[in-house]
Structure formats: C-alpha cells, structure tokens
Amino acid sequence: MIVFITRLFVWYGALVGVPLLAAAAEPAILQVDFARTNGVIRALHGVNKGPLGPGGLIDLSAEHRALGIPFVRLHDCYWPNPYVVDIHAVFPDFKADPAQPESYDFRLTDQYIAAIRATGAGIVYRLGESIEHTTVKRFVHPPADFEKWAAICLGIIRHYNEGWAAGFRHDIRYWEIWNEPENRPAMWSGNDEDYFRLYRVAATAIKRSFPDLRVGGPSAGASGTFVNGTFEPTEFVRHFLDRCRTNSLPLDFFSWHCYTADPAELVSRAKAIRRILDESGFAKAGNHLNEWNYLPGNTWMPGWRESSPLARQRYYEAMAGAPGAAFLVSALIELQDAPLDVGNLFHGEAGAFGLFNEFGVAQKNYFALRAFRELLETPERVDAKGGLAGQLAIAAGLNPQHTRAGVILSNFAEGRSDIRIDLSHLPWNGNTMAELRIVDTALNFEIVRTDTIGGRSPSLILNLPKPAIAFFQLRPAKAKADR
C-alpha cells in the first residue's frame, strides 16, 4: 500500500517491490529552496557523432531532437569504417589541388552534417582523422605537406560556412585540430613536435582567413594526474601550452577528455584545466571536455581485444545501463558549478559507448539525457543542497513563468536508498501536482506516480536504490503544465 500523508510522499518503492521507508532508517535529506535562484541550468549534454548510423540503415534524428543536444562533435563518425568528416574522406587524393572544388568529395559529409543541423544542434568540427586500433595505420600520420593540409582545412571551412563548392552557410563556429595526438600510435604516428607544427600551421591559417571562428585543440586524451591533491599536467599538455604562448598561436578553446568511474573527477579536472589555462596566459580560452563517459571499474581492460566476449559485453552493458545512466546525470549536475564551457559525451550514435545499441534501440543512458533535458525545460536554477559529490546529486529549476518546477535526483553510489527532499517557497499558492519519472534497471523514464501535495513547503520521501535517477515535475494542482 502507498502511504500518502499530508505534506509527505512515500512512493515508488512499493510500486516496484522495494520496501517502504523503515521507521529506524535515517534517510538522506536534501533541500530545495525555490526562493533562492542560482543562475541558469547549463546545457552541457553535447555528444560526439550525429544521428545517422553507418551504412545508412539507422536514423536517430527524432531521438536526438528529443534530447535538445546543444553541440555535436564530429569525431569517429561512422567508426570503425569512417567515410565522412575525416580529411581523407573529404579530400581523397592528397596530390590534388585544394583550391579546386573537384578535389573534394563532400557528398556524404553534407548529408551527415545536414542531419545534425536538422536536430537543432551546433557543431564542433574536428579536422583530422578517426582513431585506428588496427595494426595497420592508414591515416593517422603527419601530413606530407603541412601547409597543404591547412589549405584543405580552409576549403572545408569555406564549403560549410561560405557556400564554396556548392556548399552551405552553416556558421560552424568551433574548429578543432586533430584528436588525441599524444595517443600513439592509434591516433598519431608522429611525435610531439610534428603535432605542434601541424597546430601552428593550421591554426594560424584558419585565424588569418576566418578571424571570427574559434580554433582549438589539442583534444588531449591524457591531460594530467593529481599528485597529493595537486594537478600535474602531462608533459605534452604543458609543452603545447608553452608553444601556443611563446609563438602567440591562436587558442580559442582547449579540449580534453576524461573517462572515469567517479563523476566528481570531471569537476576536479575541469577546475584544474581552467587554472592551468589561466596561469598559462589563456584566460579567454574556452574549456571543452569534448569526450567523456562512464568507465566501469575505472579500467579500459574489458574493452580491449584480449578480454573475453562475456566480460566485454558486461562492461558495455554497465556503461549503457543504469550505472552509466546515473553516472551521466550525476556528472551533468555536478558540472553545473565547474568552469566548463562545452561538454560532449562520447557518443550519441549506435554501438559501444553510445546511447543506442547496434540496432538503434535507446538504452538507459539515453533516458538519462532525456531526464536532464526535461530539467532544462525549467532553466532558472534554484538552490538545491545536500548532495554528496560523486554519490548523490540533486538539481532543481523553474520555468520563466514560475508555473512549473523540475527536480532531478541521481543516486549513483549512495548506499542509503531512503531519501527525503524538503521543498520550500514553491512559487504558487495552493496544492501542487507532482509527477515522478524513474530511470533504473527496470524503468526507462516512465511516469510511476502522480499525486497532489499541499502547502508551499512539502516534503517528498522516496526509496531510490542505487543506481537510479528520479525526476519530479511540479506544478499548481489545478493548472495544466506550461510547456
């Protein structure tokens, strides 16, 4: 039986066979104060890779639109057989003349980018190549002619931003030079100096021709380590920033990656990168975490070829399942207070690491982003306290008219499943209609309960065993939801 008392909810647990709140239990107590605004909830849920699947058999455009993705980064598109975006795919014969339209093959990349833009997302265009885990490396080499490679990049920019070569005026703002050049040999067969030269030549050429565009890199897979609480950047990152400063090279954004089992690590690294950029003279450079995801067990080993098929399956099931879903929402909540400008989950396509399985079926991590997207419908952030970094996260907001509120809760690693949320100063008089949706091992953001609560300062009590996400929509009881 569901217990429903004035100003108190006890729900969800009984609906799925989880015991109700025990009398002796000490719940985790969270507070939301709707009278204290705290800026705007930021859309940091960008992804890598667009809605079109390789081979042309899967189109996830409707699902991408439902997420309201702010930015799609173009890297590893159609992997493991990329034939869009990459330099070799767009400019197949390096001996050709970059000044001639017929030297380029934009056709499939045009369709790929058009599909992204149709979802409403912006684009971060990675200039370079996709990763090659194969023994034979075909494309991840320093170009034979750095100046010519830069000229090819200029042709790509002209095509997509200036209409050149039967092109478009997409106004793509962010242009990134290569991906993980320190990840060798999978992403770069050259040395540090080769990449520093590539960046210097390409970034300078792009800013000279298109001064209003944002150019950046190096898309570092390994940004540094924490030693006794102090962040130590890698030698590659330190030298890259030194070269950019010494040679006055354009660095409009610094991009880096992090795969981890601790959502709090993303926040720590974002703060550390911001500090390093400021100390290096790049206070105006954007801070882009443009690859991140849940790393089960904080290890890559189950994903490598030496792993057993069963271990590999369980690894990716955890990443895409309830643990990964709770991780994503916890990270997106905690990153709200981090000095991060753009975030791109890896990735939004089908397959391993993705939001969809190989057949295009949405997984738990997709519904996690659906829950976060719902929170963005109430973008005026309000004060929410009581979360535990890396374990239990909460955020809340109001819509501009103050006729609807959203509260999102992620239990990633908190052992206490009994949770009380104390609400204060709801911005309307009278009763409140509360609707609860859940993402967990059994549910995919379905509505599990809708009830009326009284007063301007009610409490909600629920049983939410880890890993799981809860989303509450609150509105005046007698009014329809204002979308």
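Just so it is clear, none of the values below were taken in a lab; they were calculated from the coordinates. Predicted model, so just to flag it, every value in this text is computed and none were measured. No Cβ is skipped: glycine too gets one built from the backbone with ideal geometry, and neighbour counts run over all protein chains shown.
Once C-alpha pairs closer than 8 Å and six or more residues apart are averaged by separation and normalised to the residue number of the chain, the relative contact order reads 19 percent.
Here the simple spin-label model places points 7 Å from the Cα toward Cβ, and for A144 and N81 these points are separated by 2.6 nm.
Shape of the stretch 74-134 from its Cα gyration tensor (a ≥ b ≥ c, root eigenvalues): rounded if a/c is under 1.5, otherwise prolate when a/b > b/c, or oblate? Walk me through the intermediate numbers first.
Working: a/c = 2.20, a/b = 1.22, b/c = 1.80.
Judged from the Cα gyration tensor, the stretch 74-134 comes out oblate (a/c at least 1.5, b/c at or above a/b).
Here the gap between H133 and K478, fully extended at 0.36 nm per residue and compared with their Cα-Cα distance, gives a gain of 118.4 nm.
To the nearest 20 Debye, how big is the dipole of the chain about its Cα centre, given +1 on the beta carbon of each Lys and Arg and -1 on that of each Asp and Glu? Write out the running numbers ahead of the final one.
Details: 49 positive and 52 negative charges, 217 e Å.
So the dipole magnitude of the chain works out to roughly 1040 debye.
Shape analysis of the stretch 354-466 places it in the prolate category; the axes a ≥ b ≥ c from the Cα gyration tensor give an a/c of at least 1.5, with a/b above b/c.
Restricting the calculation to Cα atoms, the stretch 41-96 yields a radius of gyration followed by a Dmax of 13.8, 48 Å. In summary, the aspartates and glutamates within cross-link reach of K95, defined as a Cα separation below 16 angstrom excluding same-chain residues under 8 places away, comprise D105, D145, E147.
If you take the Cα centroid of the stretch 342-405 and the Cα centroid of the stretch 183-201, the two points sit 35 Å apart.
Selection among P250, F146, L464 by position relative to the dipole of the chain gives L464 as farthest towards the positive end (Cβ unit charges, Cα centre). Where a Cα-Cα gap under 13 Å defines reach, which aspartates and glutamates qualify for K137, not counting those fewer than 8 residues away within the same chain? Hits, sequence-local ones excluded: E129.
On a full-extension model of 0.36 nm per residue, what is the gain between N431 and T246, subtracting their alpha-carbon distance, rounded to one decimal in nm? Walk me through the numbers before you get to the answer.
On the way: separation 185, 0.36 × 185 = 66.60 nm, distance 6.25 nm.
Working it through step by step, the gained length comes to 60.3 nm.
Judged by the gyration tensor of its Cα atoms, with axes a ≥ b ≥ c, the stretch 194-284 is prolate; a/c meets the 1.5 cut and a/b is the larger of a/b and b/c.
Farthest towards the positive end of the charge dipole of the chain, among the residues G297, T378, H402, is the Cα of H402, using unit charges on the Cβ of Lys, Arg, Asp and Glu.
The slack between Q31 and D105, meaning 0.36 nm per residue of separation minus the straight C-alpha distance, is 21.1 nm.
When each of M433, M301 is scored by the number of other beta-carbon atoms lying within 10 Å, the sequence from fewest to most is M301, M433. In 10 Å bins starting at 0, how do the alpha-carbon pair distances of the stretch 46-375 split up by percent? Distribution as computed: 6, 26, 37, 25, 6, 0 percent. Which residues among the stretch 166-195 fall inside the zone where the amide N is under 18 Å from a point 7 Å beyond the Cα of E306, along Cα→Cβ? Answer for this model: 184-186. The distance between label points at Q401 and R117 comes to 3.3 nm (points 7 Å beyond Cα on the Cα→Cβ vector). Positive-end ranking of Y125, A477, H347 along the dipole of the chain, with charges on Cβ about the Cα centre, is headed by A477.
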